[in-house]
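S.K.: Please see the structure below; I have some questions.
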Amino acid sequence: MPLDPQAEARIAQARHNFVLYQELHEAGHHLDWAGTALFYTALHLVDAHAIQIGRKSANVDGDVFSDDEWGLRRDSQRRSGHQLRGAYVETSLPLIAKNYLKLAHFSRDTRYRLKHPGPEELQAYGGILDDVRKVLRRTGVWFDSPTLPAPQAAQAPPQ
């Protein structure tokens, strides 16, 4: 089955985030943001799954998980996209639910609790993302692991 263009766009963003993770991890800089890039790689793959398999679509703002009907419920509590996506993962992708949650918590901890992971811890979370990717690949939602180009030698500016 060909990929929906919205799913393709989410997969492209997941790959983009994964490349950022790789670059930051390899450089050993800003490993907190590398952890966030790991989570957002998983998030965009889940969005692609929801579009391709779950038959969801992005709203006018580009959000796949949006509580557009919050005013119609009795509790009138608006749920965040992260809450709605988490519920989707639990019900539609239970094989990745624990790992998705680990990545979400890791990202939150690096952003809000000022956690600064070391290279080994970041590598472990990279393995968790690999497990998520393996499961999603079986559903047709995946990207090839990009390889980083070799660093280019700095060139002297033209005179």
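No value in this document is a laboratory result; all are computed from the given coordinates. Treat the numbers as computed from the prediction; the structure is a model and nothing was measured. Here the Cβ positions follow ideal geometry from the backbone for every residue, glycine too, while neighbour counts run over all protein chains shown.
S.K.: Taking Rg/Rh (Cα atoms, Kirkwood Rh) as the quantity of interest, determine which of (1) 0.95; (2) 1.04; (3) 1.27 was computed from the displayed structure.
M.R.: Working out Rg/Rh (Cα atoms, Kirkwood Rh) from the coordinates points to (2).
S.K.: Sorted by packing (mean other beta-carbon atoms within 10 Å per residue), highest first, where do 77-87, 41-51, 103-113 land?
M.R.: Packing order, densest peptide first, comes out as 41-51, 103-113, 77-87.
S.K.: Among the GluC sites (Glu not before Pro) within the stretch 8-73, which fall in a DSSP loop and have no more than 12 other Cβ atoms within 10 Å of their own Cβ?
M.R.: Answer in residue order: 69.
S.K.: Taking each full run of DSSP H in the chain as one helix, which ones are at least 24 Å long along their axis (Cα atoms) and have mean Kyte-Doolittle hydropathy of at least 0.0?
M.R.: Helix filter hits for the chain: 31-52.
S.K.: While we're here: Need the full-extension length gain, residue 29 to residue 87, defined as separation in residues times 0.36 nm minus the C-alpha distance. One decimal, nm.
M.R.: Extra length from residue 29 to residue 87 when fully extended: 17.6 nm.
S.K.: What is the list of residues in the stretch 46-68 whose amide nitrogen lies under 18 Å from a point 7 angstrom out from the Cα of residue 111, following Cα to Cβ?
M.R.: Only 46-48, 62-67 pass the distance filter.
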